[in-house]
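S.K.: Starting off with a structure, shown below.
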Amino acid sequence: MRFLKSLFSIRVLLILISVILAVFAMDVFTLDGNFLFKTFYFIAFLITAVGTIFYKAPIISNGLKRRKIRTDIEIPLPDEIATVSRDFKKDLMEKERLFQFMFNSSIDGFWTYDIPTGKVSWSDRAAFILGASPQELGDSFDILKTKVFEKDWSEFRNKFAEALNQSESFSTPLRLLIGKKEITISGRAQCNDEGRPVCVFGSLSQPSERTAQFEKQNALSIYVDALTGVRNRRCFLEKLEKEIQKAKERPDYLFALVLLDIDHFSAINDNYSLDMGDVLLQLVSERISLSCRQNDCVARIGPDVFGIILRNVQNNRTDDELHTIVRRLHSKVKTPLQIGSNEVYVSASMAVVVNREFDNVDDLLANANAMLREIKRGDDRGGIQFFTSGIREKAMKLYKLEFEIRKAIQCREFLLYYQPVIDIGDQNKIVAFEALVRWNNSERGIISPAEFIPMAEETGLIIPLGEMILQMACTQAKKWVDLGYHDIMVAVNFSAKQFAVDDMVEKVKRVLVETKLNPRNLKIEITEYSAMCEVEKTIDIMKALSGMGLQISIDDFGTGYSSLIYLKRYPIHTLKMDKSFVNHVAEDEEDGTFARMVIGIAQSLNLELIAEGVETKAQLEFLRNEGCRLIQGFYFSRPLSEVDALSYLEAHYLKNKTTPVLN
Ligand code: C2E
Ligand code: MG
Ligand code: MG
């Protein structure tokens, strides 16, 4: 087709005519006469020859620059061109309009940030969300500076800069100054082919009515204590942090942190009921709230602990006034409560710290907590303790101790000593060892449990420590059994906190399996006081443990005021008479009577009885005469190291017929 077209093109035609005219030129000019015809022929030849040489393709203009139309390329028909370009434009326009429509009518607001110019474009909706007029928006982010909290604005700036650097997306909440609304600003950097960010597209979104309501409820449940309706621990810590910040900004600003702990709360739960305990907490929280000012903060931060922030104590409250306020609060809480037909007496211990010497929440709380612990441990239980520098030192010491115990657990710096339990009714034969923990400290040497067990209990560190102790004791007992001391028992002390752990029974089972110790060689000791803490739960755990075949012993019996009714319900095997009753049995009539009573209880309940802390022959003889056969105390042996314990066992397990040497 192209060939044919080129064949009939004008130039080819001209060449053809020129050739034909040239071929017949000789014949025409050699003919006689007809001069006119010859002239005409010559002119025609000349024109076609010149035309052939000088003929050029026609030129058209596209309005911008002149170019040659290539006749050998198929180009679309003019109206085809028009149709295509019109649809494309329409498409573009429609897309643009759609984008604009979305940009302005979406429930979210949009913005774009052009990196080369640094200009921001906002959608109308963005203006609405920010509570600004479209004119106010301008072409920068400055509008945000005036509409949101300063902290949120700087947070946004940081995230925005980070997103630009990393070419990533970001999202951050903004709290509007007016209307207390929280909105979210999000954005994503757009990169060019080289991966460099060229612009940022972003949105502004606000929670829908429903989400806002849901979030409000959610926020409430996040910040409010469900039982008492006062603030919860989380909220309290946030408020405390704010107060600390405020004090940093205004060095003269003072506030007071008060911790209020209800004494013997578990006893109230046990003696009455859990419901009664709940009502008591509600009434106490109500009393505290009523005694505080509107802008003070009251929170329940532990099962029976309330935290109170008394704000702004410097301007209108001198220290004396603060003391008066705290005392008033204390006596209000201590006024007997009428719950149903019961009149309940509440005792509360309080620790009060003013922020003067503290610039962080952890330090402040650690000191207040340490003070509270001190009050509860000592004679001041039920009283108020105001912070002094001396207390701080003491608190810091305790804080350090906690840290060191934690480290010692990791480094396994604890070891066990073993104190023999002797059967004086059977040739002073050793029947058991009590495992007693010691801390082998690199600087201080061997440290007694009295120095670290209470702290380990308060901080919960007794749980990992207790597990380690059980593991070590069972491993040791298994060694003795394997050496042929088949009946030897090992008694391990458990604290109330360990008993409260949900999978406590499972843990004991696991240790027995791991160490391959027969449960009949293991005895668990729990103090009488601990056993009285959560009676029903304790009974269940004891049942599960004794069901496994191990024995349970009530330690320090006589100090925990347990009722005989409970004692009968406990699936226990042994009572250990506390040392304080053994001390003067020989010379004090009253102590003697009490010791006889304990022996009588054990006999009537058919329980084994061990007398602890026996140091003298007189004590021993008294106990022997009253029918107590099992003796533990320095009279026979002090707690022994692993090596010495084995020697003792070798000497006293089977053939120990000799009477021990008196101290
Ligand atoms: P406990 O369980 O009542 O242990 C008996 C304590 O009395 C031991 O003190 C023992 O050394 C001491 N003792 C025994 N016989 C005599 C005596 O004749 N005279 C005197 N003055 N004391 C005697 P220790 O080892 O210092 O333990 C003190 C307490 O620390 C224990 O009292 C127990 O409550 C606790 N404890 C010890 N080891 C552990 C443990 O592994 N876990 C837990 N949770 N508590 C432990
Ligand atoms: Mg004990
Ligand atoms: Mg004891």
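The values are calculated or read from the model by the stated rules, or taken from the named source; none is laboratory data. Remember, predicted model here, so these are calculated numbers, not experimental data. In this analysis, Cβ positions are derived from the backbone assuming ideal geometry, glycine residues included, and neighbour counts consider all displayed protein chains. Only protein heavy atoms, including side chains, enter the accessible area calculation; ligands, DNA and RNA are left aside. Shrake-Rupley method; radii C 1.70, N 1.55, O 1.52, S 1.80 Å.
S.K.: Please indicate, with yes or no, whether at least one residue in segment 410-423 is in the same structural domain as TYR635 (by TED's automatic domain parsing), under 24 Å from the mean Cα position of the chain (by Cα) and surrounded by fewer than 19 Cβ atoms within 10 Å (Cβ to Cβ).
M.R.: Taking every residue of segment 410-423 in turn, at least one turns out to be in the same structural domain as TYR635 (by TED's automatic domain parsing), under 24 Å from the mean Cα position of the chain (by Cα) and surrounded by fewer than 19 Cβ atoms within 10 Å (Cβ to Cβ).
S.K.: Please give the number of the condition TRP439 fails out of (1) open to solvent by 30 Å² or more (accessible area, probe 1.4 Å); (2) away from ligand 2 (no atom under 16 Å from the Cβ); (3) over 30 Å from ALA351 (Cα atoms).
M.R.: Among (1) open to solvent by 30 Å² or more (accessible area, probe 1.4 Å); (2) away from ligand 2 (no atom under 16 Å from the Cβ); (3) over 30 Å from ALA351 (Cα atoms), TRP439 violates only (1).
S.K.: Considering only segment 609-625, state which residues are open to solvent by less than 60 Å² (accessible area, probe 1.4 Å) and either more than 15 Å from ligand 1 (Cβ to nearest atom) or in contact with a Pro (Cβ under 8 Å, 6 or more places away or on another chain) (or both).
M.R.: Answer for segment 609-625, where residues must be open to solvent by less than 60 Å² (accessible area, probe 1.4 Å) and either more than 15 Å from ligand 1 (Cβ to nearest atom) or in contact with a Pro (Cβ under 8 Å, 6 or more places away or on another chain) (or both): just GLU621.
S.K.: Looking for whichever is more than 27 Å from ALA496 (Cβ to Cβ), away from ligand 2 (no atom under 16 Å from the Cβ) and not hydrophobic (A, V, I, L, M, F, W, C) here; the options are GLU413, GLU393. Which one fits?
M.R.: That would be GLU393, the only listed residue that is more than 27 Å from ALA496 (Cβ to Cβ), away from ligand 2 (no atom under 16 Å from the Cβ) and not hydrophobic (A, V, I, L, M, F, W, C).
S.K.: How about segment 347-379: which of its residues are under 16 Å from PHE306 (Cα atoms) and assigned to a loop (DSSP other than H, G, I, E, B)?
M.R.: If the condition is that a residue be under 16 Å from PHE306 (Cα atoms) and assigned to a loop (DSSP other than H, G, I, E, B), then SER347 is the only one that fits.
Per-residue answers, yes or no, for (1) modelled with pLDDT of 85 or more; (2) farther than 20 Å from TYR253 by Cα:
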residue: ILE325; (1), (2): yes, no
residue: VAL333; (1), (2): yes, yes
residue: PRO336; (1), (2): yes, yes
residue: VAL346; (1), (2): yes, yes
residue: ASN360; (1), (2): yes, no
residue: ALA370; (1), (2): no, yes
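S.K.: Looking only at segment 560-608, count every residue that is part of a helix (DSSP H, G or I) and either away from ligand 3 (no atom under 16 Å from the Cβ) or open to solvent by 20 Å² or more (accessible area, probe 1.4 Å) (or both) and tell me the total.
M.R.: Within segment 560-608, residues that are part of a helix (DSSP H, G or I) and either away from ligand 3 (no atom under 16 Å from the Cβ) or open to solvent by 20 Å² or more (accessible area, probe 1.4 Å) (or both) number 22.
S.K.: Taking the condition open to solvent by less than 60 Å² (accessible area, probe 1.4 Å), assigned by TED's automatic domain parsing to the domain that holds GLN619 and out of contact with any Leu (no Cβ under 9 Å at 6 or more places or on another chain), does ASP426 pass?
M.R.: yes
S.K.: Moving on to the next point. Of all residues in segment 524-541 being within 15 Å of ligand 2 (Cβ to nearest atom) and of a type in the set (S, T, N, Q), which is least open to solvent (accessible area, probe 1.4 Å)?
M.R.: SER530
S.K.: Are any residues in segment 283-310 part of a loop (DSSP other than H, G, I, E, B), surrounded by fewer than 17 Cβ atoms within 10 Å (Cβ to Cβ) and over 27 Å from the mean Cα position of the chain (by Cα), and if so, which ones?
M.R.: Scanning segment 283-310 gives ARG293, GLN294, ASN295.
S.K.: What are the residues in segment 50-69 that are assigned to a helix (DSSP H, G or I), modelled with pLDDT under 80 and open to solvent by less than 100 Å² (accessible area, probe 1.4 Å), if any?
M.R.: Of everything in segment 50-69, those that are assigned to a helix (DSSP H, G or I), modelled with pLDDT under 80 and open to solvent by less than 100 Å² (accessible area, probe 1.4 Å) turn out to be GLY51, THR52.
S.K.: Quick one: count up the residues across segment 626-640 that are open to solvent by less than 50 Å² (accessible area, probe 1.4 Å) and either more than 15 Å from ASN428 (Cα to Cα) or aromatic (Phe, Trp, Tyr) (or both).
M.R.: Selection size over segment 626-640: 4.
Results for (1) in contact (Cβ under 8 Å) with a residue 40 or more places away in the chain; (2) not in a helix (DSSP H, G or I), shown as yes or no for each residue.
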{"site": "ILE222", "(1), (2)": "no, no"}
{"site": "GLU243", "(1), (2)": "yes, no"}
{"site": "LEU259", "(1), (2)": "yes, yes"}
{"site": "ALA267", "(1), (2)": "yes, no"}
{"site": "GLY277", "(1), (2)": "no, no"}
{"site": "LEU281", "(1), (2)": "yes, no"}
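S.K.: Check SER495 against each of (1) more than 16 Å from ligand 3 (Cβ to nearest atom); (2) without any contact (Cβ under 8 Å) to a residue 60 or more places away in the chain and name the one condition it does not meet.
M.R.: (1)
S.K.: Anything in segment 543-559 that is more than 19 Å from HIS264 (Cα to Cα), assigned to a loop (DSSP other than H, G, I, E, B) and within 16 Å of ligand 2 (Cβ to nearest atom)? List them, or say none.
M.R.: LEU550
S.K.: Here is a further query. Please verify whether segment 542-552 includes one or more residues that are of a type in the set (Ser, Thr, Tyr), in contact with a His (Cβ under 9 Å, 6 or more places away or on another chain) and surrounded by fewer than 22 Cβ atoms within 10 Å (Cβ to Cβ).
M.R.: Yes, because at least one residue in segment 542-552 is of a type in the set (Ser, Thr, Tyr), in contact with a His (Cβ under 9 Å, 6 or more places away or on another chain) and surrounded by fewer than 22 Cβ atoms within 10 Å (Cβ to Cβ).
S.K.: Among all residue pairs at least 6 apart or on different chains, which show Cβ distances below 7 Å where the first residue, located in segment 298-318, is in the same structural domain as LEU260 (by TED's automatic domain parsing) and on the phi > 0 side of the Ramachandran plot and the second is at pLDDT below 95 and open to solvent by less than 20 Å² (accessible area, probe 1.4 Å)?
M.R.: Between residues of segment 298-318 that are in the same structural domain as LEU260 (by TED's automatic domain parsing) and on the phi > 0 side of the Ramachandran plot and residues that are at pLDDT below 95 and open to solvent by less than 20 Å² (accessible area, probe 1.4 Å), the close pairs are ASN312/PHE255.
S.K.: Does SER448 meet the test of being away from ligand 2 (no atom under 16 Å from the Cβ), open to solvent by 40 Å² or more (accessible area, probe 1.4 Å) and not charged (D, E, K, R)?
M.R.: no
S.K.: Of everything in segment 524-542 that's within 14 Å of ligand 1 (Cβ to nearest atom), in a helix (DSSP H, G or I) and within 12 Å of ILE572 (Cα to Cα), which residue is modelled with the highest pLDDT?
M.R.: GLU528
S.K.: Among TYR561, TYR635, which is the only one that is modelled with pLDDT under 90, over 21 Å from ARG520 (Cβ atoms) and of a type outside the set (Gly, Ala, Ser)?
M.R.: Matching residue, one of TYR561, TYR635: TYR561.
S.K.: Something else: Go through segment 471-508 residue by residue and tally those that are modelled with pLDDT of 95 or more, part of a helix (DSSP H, G or I) and open to solvent by less than 10 Å² (accessible area, probe 1.4 Å).
M.R.: 5
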